[in-house]
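Here the structure comes first, spelled out in structure tokens, and everything after it is commentary.
The values are calculated or read from the model by the stated rules, or taken from the named source; none is laboratory data. Predicted, not measured: the structure shown is a model, and the values here were computed from it. In this analysis, Cβ positions are derived from the backbone assuming ideal geometry, glycine residues included, and neighbour counts consider all displayed protein chains.
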Amino acid sequence: MNTLCVVGAGSIGRRHIENFSELFDRIDIVEPNAERAAEVLKSHPVNSAFASFEEAIADTSYQAVAICAPPHVHLPIAELAARSGSHLFIEKPLGMNVSGWNDLALYCEEKGIVSYVAYCHRHIPYTEVLKSIVQSGAIGRVIHGNMRWGSYLPDWHPWEDYRTFYMAKREEGGGALMDESHGIDIARYILGEVTEVFAIVDTISDLEISSDDTAFLTLRFENRSVLQINFDLSSRCPRVSLEIIGTEGTVIWDRIAHEVRVFSASTKEWEERKYSKDDLMAMYPNQARHFYNCIVNGDKSIIDIRDAIKTQAVIDAGFESSASGKLISVRSQG
Ligand SMILES: NC(=O)c1ccc[n+]([C@@H]2O[C@H](COP(=O)([O-])OP(=O)(O)OC[C@H]3O[C@@H](n4cnc5c(N)ncnc54)[C@H](O)[C@@H]3O)[C@@H](O)[C@H]2O)c1
């Protein structure tokens, strides 16, 4: 029997239950908020609910555990789950920093435990289109790029006061840099590994949060290209886009307009490829199927803990650069 324990039945936990219910025979949840747990038991295809992960694994050994709680508890739950022999699906960001994750990656490799970290934007079909355009050489050699990733935090969860949501709390792993690190993962996926980071990470808007609402980063890549990133939690109009400038053209990936546009220096024209919101939302079932295929059919995880450590190391370098005012070399050892 294929069994899954979803730890944290909040916004993303509930979405994953829906997608995983097509694949797993039995799903249990861990949710410390009793009212929320009771609600999810009624509304979702869930077998049992527990108040803590320790309780859930007292009598049951799950084939897989999906960690959908706030980032400050990702590492301790992942360690317990791996020690109980479960494959790991871990929501992004990996954790609070890289510390402790290399040891867990090694443990998983030794025990044959699959790990997958949910930087789901790689599963959007038009992200693959962006990657193949850049790899095909259609815009020539990449020189630099700009990324915008912003939205208004109080609009995210209309059912709760944003000040009580973990995203408002630095100590629980909230904030623009941690959350929008999707953009760092996509940048690595398209442009390669990051060597240096300069950043300003701050809380500048009127939002009542202890986490950052503004993160401006300059990334230098191994191929010498440079990317400017502007993450925020204060944009009243959502923006999610990446523009990459090459020696022979420009490509723009826009996750709000659902389009990829390519400008060719030879024709001096834009070519537009249009997609839909359904294409965007397909990332969740695509991701669920990928994880399932890794644990059942032996497929290779496209973002395992080792890969996500490289994104986490860029986040860590961003915070360090902002605190010190210095350009920081990226280090993945923790
Ligand atoms: N990949 C995506 O598209 C995506 C989208 C949203 C959130 N996320 C990630 O998922 C995680 C959760 O975000 P969310 O928006 O669902 O938050 P949320 O606040 O809606 O849900 C988190 C849930 O975890 C529960 N929780 C807290 N501590 C726990 C513990 N020790 N054990 C079990 N449950 C615990 C909370 O009670 C809450 O119900 C974060 O890491 C976030 O970055 C990813």
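Being more than 8 Å from the ligand (Cβ to nearest atom) and either surrounded by fewer than 24 Cβ atoms within 10 Å (Cβ to Cβ) or modelled with pLDDT under 95 (or both) narrows it down to one of Ser11, Ser52, Ser43, so name that one. Going through Ser11, Ser52, Ser43 in turn, the sole match is Ser43. Against the numbered list (1) surrounded by 15 or more Cβ atoms within 10 Å (Cβ to Cβ); (2) in contact with a helix residue (DSSP H, G or I) (Cβ under 9 Å, 6 or more places away or on another chain); (3) assigned to a strand (DSSP E or B), Arg236 comes up short only at (1). Here Ile17 meets each of (1) free of Cβ contacts under 8 Å to residues at least 60 places away in the same chain; (2) among the aliphatic types (A, V, I, L, M); (3) closer than 23 Å to Asn297 by Cβ; (4) near the ligand (Cβ under 10 Å from one of its atoms) with one exception, condition (4). Annotation note: of Ala69, Ala64, Ala105, Ala118, the sole residue that is aliphatic (A, V, I, L, M), away from the ligand (no atom under 11 Å from the Cβ), at pLDDT 95 or above and within 21 Å of Thr3 (Cβ to Cβ) is Ala64.
Taking residues in segment 154-180 that are within 12 Å of Ile209 (Cβ to Cβ), and partners anywhere that are among the acidic types (Asp, Glu), the pairs with Cβ atoms closer than 7 Å and at least 6 places apart or on different chains are Arg163/Glu208; Tyr166/Glu172; Met167/Asp179; Gly175/Asp212; Ala176/Asp212; Ala176/Asp213; Ala176/Asp232.
If the condition is being surrounded by 19 or more Cβ atoms within 10 Å (Cβ to Cβ) and not charged (D, E, K, R), then segment 85-96 contributes Ser86, His87, Leu88, Phe89, Ile90, Pro93, Leu94, Gly95, Met96. Scanning segment 293-325 for residues that are in a loop (DSSP other than H, G, I, E, B) and in contact (Cβ under 8 Å) with a residue 40 or more places away in the chain returns Ser301, Ile302, Ile303, Asp304.
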